[in-house]
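Peer 1: Here you go, one structure.
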Amino acid sequence: MRGFRRRHWRADTAYDRVVGGPGGLRPAVAFLVPLGLLLMVWAVVVALFQVPARVFPSVGEVALAGVQSLSDGSLLHHTGQSLLRVLVGTVLAIAVSVPLGVAMSVSRVASAVLTPLFRFFSVLAGIAWIPIATLWFGYGFGAITFVIFNAVFFIVTYNTLLGVASIPLPLRYAAASLGAGPWRMLTEVLLPGALPNVVTGIRTGMGYAWRGLIAAEMIATNAGLGYMLFLARDFYRTEVILLGMIVIGALWLMIDRLLLAPVERATIERWGMVRRVG
């Protein structure tokens, strides 16, 4: 009986983790239900009021456009180009912003010189750089990557600065008194302490980067999901426009929910003030 209860308890615990945990089925279902309801309302309203396809297409017409785009490879091509630009721009921004944020947090001179500049340029991050980006880099990969870089760079730098500033000074003093040099102080105290804020900044910055990407692709390139929307407008392909919007939203949801959110949660549990329950 005792062995049965132990196995039963373990089965219940495993079930709770799969169904009710942070990455379980119950949150996923609760998240998808509103999207399903929106899809049903869309189908009913278009059929009930006989909305012309040029104004707002039906679910079936958008699905057919998706099948056609997949069959000719255009959707995969545009999606691949957009994802590559986001990846390159984000990686470059992180590589520059994290060291700069740490430097600003530990150096009064760097903070005094750079803080006013950051406050000035932070409101210009993202799509405001599209015109000058096209002048500097031309129309194509370089200009769009630069726009994404700016969308991520300022947010991650600011979050890194906040993360380092949130580390208690007694902890730094204790590490220094135990003989931690500059490198060990950086790798074992400052970066781990700032990591939860850094990951949160990356998640927020990528949201802005995705918006800047779509806007830049409408102007500065001939490939990508933003370009697909812009091209469909010229031919009055409303179903392709809606298809592109759905793909953009679905891609961001998958990136955020399946990649960024778990990384942020794991980082906070490992280095932050939150502990995993269960």
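Peer 1: Can you tell me which residues in region 150-163 are over 21 Å from ARG85 (Cβ atoms) and either surrounded by fewer than 24 Cβ atoms within 10 Å (Cβ to Cβ) or among the polar types (S, T, N, Q) (or both)?
Peer 2: TYR158, ASN159, THR160, LEU162
Peer 1: Please specify each residue of region 36-55 satisfying the condition of being at pLDDT below 85 and over 19 Å from ILE241 (Cβ atoms).
Peer 2: The answer is GLY36, ALA47, LEU48, PHE49, GLN50.
Peer 1: Which condition does GLY138 not pass, out of (1) of a type outside the set (Phe, Trp, Tyr); (2) surrounded by 17 or more Cβ atoms within 10 Å (Cβ to Cβ); (3) more than 19 Å from the chain's Cα centre (by Cα), if it passes all the others?
Peer 2: Condition not satisfied by GLY138: (2).
Peer 1: Moving on. Would you please list the contacts, defined by Cβ atoms under 8 Å and residues six or more apart or on different chains, that run from a residue in region 186-203 that is without any contact (Cβ under 8 Å) to a residue 24 or more places away in the chain to a residue that is not basic (Lys, Arg)?
Peer 2: GLU188/ALA175; GLU188/ALA180; VAL189/ILE167; VAL189/LEU171; VAL189/ALA175; VAL189/ALA180
Peer 1: From the residues in region 101-135 that are in a helix (DSSP H, G or I) and within 19 Å of the chain's Cα centre (by Cα), which one is nearest to ALA223 (Cα to Cα)?
Peer 2: Step by step, filter region 101-135, then rank; the result is ILE127.
Peer 1: With respect to PRO192, determine if the residue is touching a Phe, Trp or Tyr at 6+ places or on another chain (Cβ under 6 Å) and in a helix (DSSP H, G or I).
Peer 2: Taking the combined requirement at face value, the residue satisfies it.
Peer 1: In this structure, is ARG257 of a type in the set (Lys, Arg), farther than 22 Å from LEU92 by Cα and assigned to a helix (DSSP H, G or I)?
Peer 2: Answer is yes for this residue.
Peer 1: Condition check: touching a His at 6+ places or on another chain (Cβ under 8 Å), in a helix (DSSP H, G or I) and of a type in the set (Ser, Thr, Tyr). Does TYR208 satisfy that?
Peer 2: no
Peer 1: What is the number of the single condition among (1) assigned to a loop (DSSP other than H, G, I, E, B); (2) buried (at least 22 other Cβ atoms within 10 Å of the Cβ) that GLY179 does not meet?
Peer 2: Of (1) assigned to a loop (DSSP other than H, G, I, E, B); (2) buried (at least 22 other Cβ atoms within 10 Å of the Cβ), only one is false for GLY179: (2).
Peer 1: Can I ask one more? Would a scan of region 262-278 turn up a residue that is of a type in the set (Val, Ile, Thr), more than 24 Å from VAL102 (Cβ to Cβ) and without any contact (Cβ under 8 Å) to a residue 12 or more places away in the chain?
Peer 2: Yes, region 262-278 contains at least one residue that is of a type in the set (Val, Ile, Thr), more than 24 Å from VAL102 (Cβ to Cβ) and without any contact (Cβ under 8 Å) to a residue 12 or more places away in the chain.
To keep it simple, each residue is scored yes or no on (1) touching a residue at least 24 places away in the same chain (Cβ under 8 Å); (2) hydroxyl-bearing (Ser, Thr, Tyr); (3) part of a helix (DSSP H, G or I).
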position	(1), (2), (3)
GLU61	yes, no, yes
VAL67	no, no, yes
LEU70	no, no, yes
LEU75	yes, no, yes
THR79	yes, yes, yes
LEU83	yes, no, yes
LEU87	no, no, yes
THR90	yes, yes, yes
PRO99	no, no, yes
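Residue by residue, here is whether (1) crowded, with 23+ Cβ neighbours inside 10 Å; (2) touching a helix residue (DSSP H, G or I) at 6+ places or on another chain (Cβ under 9 Å) holds:
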{"site": "GLY101", "(1), (2)": "yes, yes"}
{"site": "MET104", "(1), (2)": "yes, yes"}
{"site": "PHE120", "(1), (2)": "no, no"}
{"site": "ILE144", "(1), (2)": "yes, yes"}
{"site": "PRO170", "(1), (2)": "no, no"}
{"site": "TYR173", "(1), (2)": "no, no"}
{"site": "GLY193", "(1), (2)": "no, yes"}
{"site": "ASN197", "(1), (2)": "yes, yes"}
{"site": "GLY207", "(1), (2)": "no, yes"}
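Peer 1: For region 164-209, how many residues are under 27 Å from VAL86 (Cβ atoms) and among the small types (Gly, Ala, Ser)?
Peer 2: Number satisfying all stated conditions: 5.
Peer 1: With the structure loaded, tell me whether SER82 is farther than 16 Å from LEU225 by Cβ and touching a helix residue (DSSP H, G or I) at 6+ places or on another chain (Cβ under 8 Å) or whether it fails that test.
Peer 2: No, not satisfied.
The values are calculated or read from the model by the stated rules, or taken from the named source; none is laboratory data. Everything numeric in this text was worked out from a predicted model, so none of it was measured. So basically every Cβ, Gly included, is an ideal-geometry build from the backbone, and we count neighbours across all protein chains shown.
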